[in-house]
Amino acid sequence: MTVVTATSLDEALDALAGDPSAQLLAGGTDFMVEVSFAHRRPASIVTLRRVDELKGWWRDGDTLVLGAGMTYTELQAEPFLDVVPGLAQAARTVGSPQIRNAGTIGGNIATGSPAGDTLPVLVALDAVIVLQSAADGERRVPWNEFFLGPKRTARRGDELVTAVRVPVVHGRQEYLKVGTRNAMVISVAGVALVMDDDAHTVRVGLGSVGPVPLRAPAAEAFADSTIDWATMTIPDGGAAQFGALVSAAASPIDDQRSTAAYRRHAVGVCARRALQRCLS
Ligand SMILES: Cc1cc2nc3c(=O)[nH]c(=O)nc-3n(C[C@H](O)[C@H](O)[C@H](O)COP(=O)(O)OP(=O)(O)OC[C@H]3O[C@@H](n4cnc5c(N)ncnc54)[C@H](O)[C@@H]3O)c2cc1C
């Protein structure tokens with residue numbers, strides 16, 4: 001097996017261009033599980049942990065750029081947790097400290113599992129995925145064109161996910177996840193809420209209730225027009241109606257982790273609670 005330990009973005013891109021069958025290894029928390037179960041047999045690997053250009057986050061005008069190599073530990077830490085609290089909450093629910101130290105947001109995005117915990121927050125934020133290849137340079141793909149199906153994305157084999165771009169938003173954010181236990185659990189259903197106090201909007205991202213992460217447009221429109229933005233309140237019954245509209249937006253299936261009916265119910269309850277928390 002060939003292993004290229006890339007120490008720069010150019011080195012990683014050149015290695016991929018030279019061998020399009022090479023597989024990218026970031027934190028290895030998805031990758032190595034697949035190797036252990038013989039679902040993945042890489043002939044060549046390009047490792048990304050030493051690529052400085054993928055690390056950290058920065059501001060680009062009204063946009064935050066999060067490097068693909070940001071770990072969950074970094075996402076949940078100061079000062080980032082005050083900037084995108086929804087992502088910090090999602091990061092806190094992932095795996096164990098060991099997984100959070102190794103696993104990256106870029107790996108979560110590239111895996112493209114509908115259960116990926118950062119994805120509902122990213123879709124609620126209207127994230128744009130930044131891809132780069134040696135042949136074509138950079139291209140930016142909106143989330144709804146990037147996630148194509150369960151673990152299927154628009155990333156080409158010669159491309160790296162280098163970053164994800166999200167807007168700076170002022171307002172409360174929540175991420176609530178239901179699993180079969182309290183920790184070290186893959187999401188059965190997940191809901192992200194992003195309130196924009198300036199634009200007077202609520203945006204909803206849903207995980208594990210469809211083949212790709214989903215939005216809930218009818219629930220968002222209802223919340224936008226029903227919340228009294230001056231007092232940050234919603235009339236009696238409004239939060240419950242919001243939850244029902246979120247349930248209706250879900251498109252879940254029965255599988256080994258849960259039933260479609262429970263998932264639909266769970267996202268509605270989580271959405272109602274998340275809205276109540278944001279307005280409290
Ligand atoms: C015990 C355990 C618990 C877990 N719990 C959770 C959980 O609660 N919630 C959750 O969402 N996930 C969970 N995971 C899954 C995993 O931790 C995440 O999906 C993680 O974000 C993957 O990132 P990574 O850096 O480890 O990626 P890797 O495993 O290195 O790679 C994952 C995939 O992405 C590709 N890839 C990685 N980086 C890039 C890049 N920059 N550009 C292009 N392709 C890339 C790889 O080639 C591979 O196909 C868990 C995993 C384990 C083992």
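At-a-glance table
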quantity	calculated
Ordering of 24-32, 218-226 by packing [mean C-beta count within 10 Å, highest first]	24-32, 218-226
Point-charge dipole on Cβ atoms (K/R +1, D/E -1) for the range 79-190, about Cα centre, debye to 20	300
Kirkwood Rh and Cα Rg combined as Rg over Rh, evaluated for the chain	0.98
Long-range HN-HN contacts of Ala127 with modeled amide H, under 5 Å	Trp143
Under the Karplus curve 6.51 cos²θ - 1.76 cosθ + 1.60, θ = phi - 60°, whole-Hz ³J(HN,Hα) for the range 107-120, x wherever Gly or Pro sits	x, 4, 5, 5, 5, x, 6, x, 8, x, 6, 7, 5, x
Dimensions (Å) - the range 194-280, Cα atoms, principal axes, largest first	45, 23, 18
For the chain: accessible area per residue (Å², 1.4 Å)	45
Per-peptide average of other Cβ atoms within 10 Å, ordering 182-191, 11-20 highest first	182-191, 11-20
Angle between the chain longest axis and helix 238-249 axis [Cα atoms, degrees, rounded to 10]	40
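The values are calculated or read from the model by the stated rules, or taken from the named source; none is laboratory data. This is a predicted model, so every value here is computed, not measured. Heads up, the Cβs are rebuilt from the backbone with ideal geometry, glycines too, and the neighbour counts pull from every protein chain shown. These area figures cover heavy atoms from the full protein model, side chains too; ligands, DNA and RNA do not enter into them. Shrake-Rupley method; radii C 1.70, N 1.55, O 1.52, S 1.80 Å.
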